[in-house]
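What follows is calculated from the coordinates using simple rules that are stated; it is not laboratory data. It should be emphasised that the depicted structure is a prediction, and the values quoted were computed from it without experimental measurement. Glycine gets a Cβ as well: all are built from the backbone with ideal geometry, and neighbour counts include every protein chain shown.
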Amino acid sequence: VTNAERYHFADFTRTNYRALLRLAKATYTLRGFDDLDRAGAWAIWRHDIDFSPAAALALARIEHEEGVRATYFVLLRSEFYNALDARSVAAIRELVALGHTVGLHLDPSAHAIATADDLDRAVDDEARILASIAGVEITAFSFHNPTEASLRFDGERYAGRVNTYARWLRDDVGYCSDSNGYWRHRRLEDVLRAGADPRLQVLTHPVWWQDEVMSPRQRVWKILDDHTADTKAFYAALLARHGRDNVDWE
Ligand SMILES: [Zn+2]
């Protein structure tokens, strides 16, 4: 068996993403985190933006075309993008304009969190910054790279924002995630076809969904290369706009 087969590389195209979204719509009512009841049948469609707001926008447009509203969790402390730069702010605001919800993707390792009060403060501080970027109030948060220590905070809300890892969401709601670019537990297509989870939280990361079939490593490299190409073009345009030379050896 090749890696392409074992890790289902071909699942992770934007064309197949649309197909999976249609499958989800056929099986489930898609809800937001502030619109959940414990007994009903529904699915939550969640994205954590670890690498690229631009890649998030590509999925957001597909969802918009399919009439789906999702929740996008923005990381303020990513190693891979600056949530406050103009490109990111424009992308995040377009997510909102497309009808999606913006939540906070909180890296607990960036804060000293020993008590619920500490977590309240961390969530509130970052949610205020993100609200100023997104132009809307932030009503939910998800942990980035959650540890056992952070998952002990399993209350429904902190600083008034819904916790996507609340105890009941973990115990009473099925879960399917594409972390690291493959299906570590269940394959999303199987989960959606079976429809056996009365309630389901689907977590996808936009970085893993590309136009072409690629390995997970290639997908990350492409995101980084595209970002660098954009940044170089931005620099060249900046110099040109100010009538300066972009001096090289030749
Ligand atoms: Zn994350």
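Assorted remarks:
- Sorting the segments 185-192, 160-167 by their mean number of nearby beta carbons within 10 angstrom, highest to lowest, gives 160-167, 185-192.
- In order through region 99-107: 3J(HN,Hα) via Karplus (6.51 cos²θ - 1.76 cosθ + 1.60), integer Hz, x for Gly, Pro: x, 7, 9, 10, x, 9, 9, 9, 8
- Lys/Arg +1, Asp/Glu -1 at C-beta; region 114-250 dipole; positive extreme among Tyr182, Ala122, Thr228: Tyr182
- The Cα center of region 69-114 and the Cα center of region 33-59 differ in position by 13 Å.
- Backbone amide hydrogens, once placed in the peptide plane, bring Tyr158 within less than 5 Å of Asn163, excluding anything fewer than 5 places away on its chain.
- With the simple spin-label model, which puts each label point 7 Å out from Cα in the Cβ direction, the Trp221 to Leu23 separation comes to 2.8 nm.
- For the options Ser142, Ser177, Ser109, a Gaussian network treatment of the chain with springs between C-alpha atoms closer than 10 Å singles out Ser109 as fluctuating the most.
- Using the Cβ of Arg77 as centre and a radius below 11 Å, the other residues enclosed give a net charge of -4, where K and R count +1 and D and E count -1.
- Per-residue ³J(HN,Hα) for region 68-73, Karplus 6.51 cos²θ - 1.76 cosθ + 1.60, θ = phi - 60°, Hz, x for Gly and Pro: 10, 9, 10, 10, 10, 9
- In this label model, Ile62 and Arg93 are separated by 2.7 nm, measuring between points 7 Å along each Cα→Cβ vector.
- Helix 14-27 vs. the chain, principal-axis angle (Cα, 0 to 90°, nearest 10): 20 degrees
- Taking a Cβ cut-off of under 15 Å around Leu238, the surrounding Lys, Arg, Asp and Glu residues balance to a net charge of +1, with basic ones at +1 and acidic ones at -1.
- GNM result for the chain, Cα springs below 10 Å: residue of Ile49, Ile113, Ile138 fluctuating most strongly: Ile113
- Over the residues of the chain, the helix contribution to mean residue ellipticity at 222 nm works out to -13000 deg cm²/dmol, using -39500 (n - 2.57) for each DSSP H run of at least 4.
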